[in-house]
Number of protein chains: 2
Amino acid sequence: MGALRRKLSRAGLSGLLVTHLPDVCYLCGFTGSSAALAVTRRAARLFTDGRYAIQANEEVKAARVQIGSSSPAVAAVQWLAAQPGVETAGYDPTRTTVAELANWRAALPARLRRSFLSALPAPFVELLRCVKDQDELALMAEAAHLGCRLFDHILKFIRPGIPELEVAAELEHRARLLGAEGMSFETIVASGARSALPHGRATEQPLPRRGFLTLDFGIILKGYCSDMTRTVFLGKPKPGERHAYQSVLEAQQAAVAAVTAGISCGEVDEAARSVLRRQRLAEAFTHSTGHGVGLEIHELPRVGAGQATRLAAGMVITIEPGIYLPGRYGVRIEDMVTVTRNGGEVLTHSPKALIEL
Amino acid sequence: MGALRRKLSRAGLSGLLVTHLPDVCYLCGFTGSSAALAVTRRAARLFTDGRYAIQANEEVKAARVQIGSSSPAVAAVQWLAAQPGVETAGYDPTRTTVAELANWRAALPARLRRSFLSALPAPFVELLRCVKDQDELALMAEAAHLGCRLFDHILKFIRPGIPELEVAAELEHRARLLGAEGMSFETIVASGARSALPHGRATEQPLPRRGFLTLDFGIILKGYCSDMTRTVFLGKPKPGERHAYQSVLEAQQAAVAAVTAGISCGEVDEAARSVLRRQRLAEAFTHSTGHGVGLEIHELPRVGAGQATRLAAGMVITIEPGIYLPGRYGVRIEDMVTVTRNGGEVLTHSPKALIEL
């Protein structure tokens with residue numbers, strides 16, 4: 001909250017309305033599904049509804065809690081407008097719907113309707129969030145480590161004939177038993193020709209005797225998300241399949257090696273993309289190299305072609321190039337990497353040499 | 001898509017932009033995480049990115065697929081603006097951020113920037129979605145039935161000393177093995193004094209020897225969500241606890257009995273609330289009576305105090321009154337109910353008499 005207030009001062013803002021729930025959680029610790037946080041230079045107040053009265057009082061730090069029966073955001077806007085010295089309140093236009101803004105304005109006194117709410121020019125809280133502090137980095141390392149343990153576990157479970165869905169079920173069950181609050185996104189288990197689907201959800205399809213199997217999954221631990229992908233081979237790969245795997249691995253390692261504070265996200269992406277271009281596989285790499293991760297599975301920065309944002313120490317990003325050959329197979333390899341002053345620290349320790357099962 | 005086009009005509013709209021993903025899925029079947037659908041009176045086109053090229057071609061019905069590298073919504077807006085006879089395109093202001101709208105406008109030719117995009121006065125697709133057709137009702141009955149089977153299963157698993165998290169893990173694992181694509185929301189397992197938290201996530205806390213245990217969970221089956229709550233008792237309830245349970249059960253049954261096409265949502269809510277008011281428990285009932293459910297876990301209509309929306313045959317809603325006594329215990333009972341012309345059909349068949357374990 002201290003860093004936020006300094007940022008408010010620098011931006012010349014006397015008030016801030018925070019409605020995106022991961023931002024609310026980041027700033028005051030509240031994890032319920034209905035909330036708005038109002039921040040001035042002197043005070044902060046968390047608005048929620050009766051379902052969360054007990055939870056809010058247990059969780060919320062650095063803000064007073066106010067329970068109401070109307071919309072928490074409307075209550076927060078009205079509270080901000082009533083604070084002495086607050087002439088304008090910033091809101092995040094990337095997290096506010098057109099209808100919400102109209103409702104908030106309608107709830108203000110007529111003289112404030114046009115001027116009081118002001119769209120922030122850039123993500124305000126999310127830019128704070130993308131640089132993690134030591135406590136957050138420790139949690140994220142722990143979350144990534146839990147992911148690696150799950151990968152170890154699932155390797156023993158995988159065999160031809162098991163439906164993809166059972167692999168996902170086993171992975172998710174074990175995640176829960178190891179303490180995860182849940183999965184950070186829908187588990188991807190894509191085998192055989194389905195590995196050519198970058199987002200292939202687990203289906204009833206049995207694992208083949210021979211072919212690639214892509215596992216892309218993440219867990220949530222104390223609010224923080226992990227994200228990792230490994231592609232393994234069932235049976236014996238042919239030289240072409242092995243070559244495809246090695247090309248993606250080389251691209252992934254090149255991008256990991258490029259990570260350091262000060263480099264642009266576009267340069268990290270290009271490190272991976274240029275390797276695949278040399279192998280004439282650039283067209284099969286149909287997505288970005290990675291993304292920030294933290295309280296949300298997708299956060300800033302975007303690590304894609306041409307992105308000018310520069311990495312800063314304390315950011316945690318994924319590096320996950322992949323290639324997809326429709327009707328044949330796909331390969332993707334993904335690690336979480338913490339940006340440091342002199343390079344990157346890989347948080348995902350599972351082996352990356354091709355595993356044949 | 002036929003019903004949508006008739007609705008477009010009635011609204012005098014020549015174009016529609018659909019960006020809310022459950023709406024996109026409802027209209028054309030696409031289930032990927034990045035998409036926009038553009039609809040005119042003659043044509044429909046689904047825009048997505050390269051990651052979903054194969055999946056879109058497999059899934060999409062009643063629309064042409066266009067793969068691009070820019071934002072799908074921007075591509076959809078530009079396509080709509082280029083269609084002959086399309087003078088204005090409606091968008092949903094409740095699902096469009098202030099920043100998105102600005103981006104879309106900026107991507108239009110200057111002469112169209114002010115007038116081309118028009119905020120729909122009411123949820124357009126979501127109002128279609130809330131009345132389910134026979135195929136959808138069959139899927140929702142199946143999803144609700146799967147939920148009941150999970151409840152049967154978990155009753156055999158529950159015993160004092162097991163952490164709440166293991167109960168959630170077992171429930172979710174079995175859900176996957178029975179064919180669920182995932183859970184429709186974070187599973188609530190709240191025991192003892194934690195049952196007074198309406199949204200008590202499963203924790204490491206072991207189940208007590210004596211006390212209430214609230215289980216609120218849902219699964220996703222072929223895209224459709226289920227939602228049910230049962231509160232059981234570990235050990236022998238005292239008269240006061242039994243009375244609290246009976247009061248909630250009576251309120252729940254009164255609201256279920258009130259469900260029929262033509263009644264207002266507020267009247268259904270009042271049917272439950274008045275029972276609890278008579279028992280001097282109205283203040284402990286801190287939330288609404290229910291909500292629509294379908295492709296999303298929370299859909300229209302809202303079944304809350306004062307809601308004027310009238311139920312229509314084919315809507316599927318939850319009926320879930322509860323009471324919460326901080327520091328002591330809570331009770332909630334929830335069924336899914338299909339609205340019919342002459343009443344309501346309860347889809348959740350699990351018993352509601354107090355179960356003592």
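The values are calculated or read from the model by the stated rules, or taken from the named source; none is laboratory data. Source: prediction; values computed, not measured. Glycine gets a Cβ as well: all are built from the backbone with ideal geometry, and neighbour counts include every protein chain shown. What goes into the accessible areas is simple: the full protein's heavy atoms, side chains included, and nothing from ligands, DNA or RNA. Shrake-Rupley method; radii C 1.70, N 1.55, O 1.52, S 1.80 Å.
Against the list (1) basic (Lys, Arg); (2) in contact with a strand residue (DSSP E or B) (Cβ under 7 Å, 6 or more places away or on another chain); (3) open to solvent by 60 Å² or more (accessible area, probe 1.4 Å), the condition B:LYS61 fails is (2). If only residues of the range B:24-51 that are touching a residue at least 60 places away in the same chain (Cβ under 8 Å) and away from chain A (no Cβ under 14 Å) are counted, the one that is nearest to B:LYS132 (Cα to Cα) is B:TYR26. Among the residues of this structure, A:VAL248 does not count as one that is open to solvent by 10 Å² or more (accessible area, probe 1.4 Å) and either in contact with a Cys (Cβ under 6 Å, 6 or more places away or on another chain) or among the aliphatic types (A, V, I, L, M) (or both). Restricting attention to the range A:193-214, the residues that are of a type in the set (D, E, K, R) and buried (at least 18 other Cβ atoms within 10 Å of the Cβ) total 2. Take residues that are more than 30 Å from A:TYR329 (Cβ to Cβ) and tell me which of the helices (runs of 4 or more DSSP H) falling wholly in the range B:1-118 contain 2 or more. Those helices (runs of 4 or more DSSP H) span B:2-10, B:21-28, B:72-82, B:98-106. Evaluation of B:SER288 against the conditions (1) touching a Leu at 6+ places or on another chain (Cβ under 8 Å); (2) within 30 Å of B:TYR26 (Cα to Cα); (3) among the hydroxyl-bearing types (Ser, Thr, Tyr) shows that the sole unmet condition is (1).
I'd like the full set of residues that are in a loop (DSSP other than H, G, I, E, B) and open to solvent by less than 40 Å² (accessible area, probe 1.4 Å), limited to the range B:323-337. Within the range B:323-337, B:ILE333 is the sole residue that qualifies.
Between A:GLU87, A:GLU100, the distinction of being modelled with pLDDT under 95, in the same structural domain as A:THR40 (by TED's automatic domain parsing) and not small (Gly, Ala, Ser) belongs to A:GLU87 only. If the condition is being open to solvent by 10 Å² or more (accessible area, probe 1.4 Å), on the phi < 0 side of the Ramachandran plot and charged (D, E, K, R), then the range B:267-298 contributes B:GLU267, B:GLU270, B:ARG273, B:ARG277, B:ARG278, B:GLU283, B:GLU296. Within the range B:307-322, the set of residues being crowded, with 24+ Cβ neighbours inside 10 Å and not polar (S, T, N, Q) comprises B:LEU311, B:MET315, B:VAL316, B:ILE317, B:ILE319, B:GLU320, B:PRO321, B:GLY322. Taking interchain pairs and intrachain pairs at least six residues apart, which have beta carbon atoms under 8 angstrom, with the first residue in the range A:257-275 and closer than 21 Å to A:ALA244 by Cα and modelled with pLDDT of 95 or more and the second of a type in the set (D, E, K, R) and surrounded by fewer than 18 Cβ atoms within 10 Å (Cβ to Cβ)? Here the result reads A:VAL275/A:GLU250, each pair linking the range A:257-275 to a residue that is of a type in the set (D, E, K, R) and surrounded by fewer than 18 Cβ atoms within 10 Å (Cβ to Cβ). The single residue among A:ALA190, A:ALA175 that is within 9 Å of chain B (Cβ to nearest Cβ), surrounded by 20 or more Cβ atoms within 10 Å (Cβ to Cβ) and under 23 Å from the mean Cα position of the chain (by Cα) turns out to be A:ALA175.
Quick one: is B:LEU221 touching a Lys or Arg at 6+ places or on another chain (Cβ under 9 Å), surrounded by 17 or more Cβ atoms within 10 Å (Cβ to Cβ) and hydrophobic (A, V, I, L, M, F, W, C)? The answer is no for B:LEU221. So is B:ARG159 modelled with pLDDT of 95 or more, within 13 Å of chain A (Cβ to nearest Cβ) and either part of a helix (DSSP H, G or I) or open to solvent by 40 Å² or more (accessible area, probe 1.4 Å) (or both) or not? So B:ARG159 does not fit the description; no. Does the range A:219-238 contain any residue that is without any contact (Cβ under 8 Å) to a residue 40 or more places away in the chain, under 30 Å from A:CYS130 (Cβ atoms) and hydroxyl-bearing (Ser, Thr, Tyr)? No, that holds for no residue. On the given criteria, is B:GLU142 more than 9 Å from chain A (Cβ to nearest Cβ), open to solvent by 40 Å² or more (accessible area, probe 1.4 Å), at negative phi and touching a strand residue (DSSP E or B) at 6+ places or on another chain (Cβ under 8 Å)? Judged against the criteria, B:GLU142 is a match. All conditions but one from (1) closer than 30 Å to A:GLY15 by Cα; (2) open to solvent by 20 Å² or more (accessible area, probe 1.4 Å); (3) of a type in the set (A, V, I, L, M); (4) away from chain B (no Cβ under 14 Å) apply to A:VAL125; the one that does not is (2). Applying the set (1) within 11 Å of another protein chain (Cβ to nearest Cβ); (2) without any contact (Cβ under 8 Å) to a residue 60 or more places away in the chain; (3) open to solvent by 10 Å² or more (accessible area, probe 1.4 Å) to B:GLY68 leaves exactly one unmet item: (1).
In this structure, does B:VAL259 turn out to be touching an Asp or Glu at 6+ places or on another chain (Cβ under 8 Å) and crowded, with 20+ Cβ neighbours inside 10 Å? Spelling it out, it is not the case that B:VAL259 is touching an Asp or Glu at 6+ places or on another chain (Cβ under 8 Å) and crowded, with 20+ Cβ neighbours inside 10 Å. Among the residues of the range A:283-319, the ones that are more than 13 Å from the chain's Cα centre (by Cα), in a loop (DSSP other than H, G, I, E, B), under 18 Å from A:GLY200 (Cα atoms) and not polar (S, T, N, Q) come to 2 in all.
Kindly indicate whether B:LEU120 is out of contact with any strand residue (DSSP E or B) (no Cβ under 6 Å at 6 or more places or on another chain) and not polar (S, T, N, Q). Taking the combined requirement at face value, the residue does not satisfy it. Quickly run through the range B:71-101 and pick out the residues that are open to solvent by 20 Å² or more (accessible area, probe 1.4 Å), closer than 16 Å to B:ARG113 by Cβ and at the interface with chain A (Cβ under 9 Å from one of its Cβ atoms). Result: B:VAL98, B:ALA99, B:GLU100.
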